Amino acid sequence: MNALINTGLRHRNAAVRKTAAQHLEKLAEVMGASRVLSGKKDLTDRFVRSISCLALDSAQEVRTHARNTFAFLASHPDLLKMVDKFVPQRDQATIKDVINKCQKKKH
C-alpha cells in the first residue's frame, strides 16, 4: 500500500494513477471495510486521504475506481467520521457527496 500511495498517487501519467486506484480498490476489497477503517492511524489516515485525492482526480478512469472504493466502504458506519477526521477540510463536502451518491445507488 505504501508503494502505491507514495509513487502512484501523484504521478503525472493518468494511466499510472488509474492503476494505483485499481490496486487500492482491490486492496480494500481483500482487506475488508472494517480493517481498512479500523482506526489504526497510519493505515486509515493514508488510505482515506489517498482515495479522497483519487476521487477528485482530473482523469475519469481514476475517479471511477476511487468512487468504487468509496461505494465498497460506504457500508461501514464510521466512514463519514473518518472522512471528517482525515480528509482536508476543503475536500470534505465533495467527498461526502460522492459517498452519498454511492449509498443511493446501492439502495
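The values are calculated or read from the model by the stated rules, or taken from the named source; none is laboratory data. It should be emphasised that the depicted structure is a prediction, and the values quoted were computed from it without experimental measurement. Because the Cβ atoms are built from the backbone with ideal geometry, glycine has one as well, and the counts that use them run over all protein chains shown. These area figures cover heavy atoms from the full protein model, side chains too; ligands, DNA and RNA do not enter into them. Shrake-Rupley method; radii C 1.70, N 1.55, O 1.52, S 1.80 Å.
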Query raised in the report: Roughly how many whole Å is it from the C-alpha centroid of the range 44-107 to that of the range 11-41?
Result: 11 Å
Query raised in the report: Under 18 Å from the Cα of Lys40, which lysines turn up, not counting those fewer than eight places away in the same chain?
Result: Lys81, Lys85
**Report entry** Cα coordinate range in the range 42-107, projected on the principal axes (Å, largest first)
**Finding:** 28, 28, 21
Requested in this report: Calculate what fraction, in whole %, of the accessible area of the chain sits on carbon and sulfur atoms when a 1.4 Å probe is rolled over the protein chains.
Outcome: 50 percent
**Report entry** Separation in nanometres of the label points that stand 7 Å from Cα toward Cβ, at Ala59 and Val30
**Finding:** 2.1 nm
Requested in this report: Over 27 Å between C-alpha atoms is what I'm after, so list which of Lys41/Lys104; Lys26/Lys101; Lys41/Lys105 land there.
Outcome: Lys41/Lys104; Lys41/Lys105
Requested in this report: Evaluate the charge dipole of the chain about its Cα centre and quote only its size in Debye, nearest 20, assuming +1 on the Cβ of each Lys and Arg and -1 on the Cβ of each Asp and Glu.
Outcome: 100 debye
Requested in this report: Using the Kyte-Doolittle scale, find the helices of the chain whose mean hydropathy is at least -1.0 and whose Cα atoms extend 15 Å or more along the helix's long axis, counting only whole DSSP H runs.
Outcome: 14-31, 41-55, 60-73
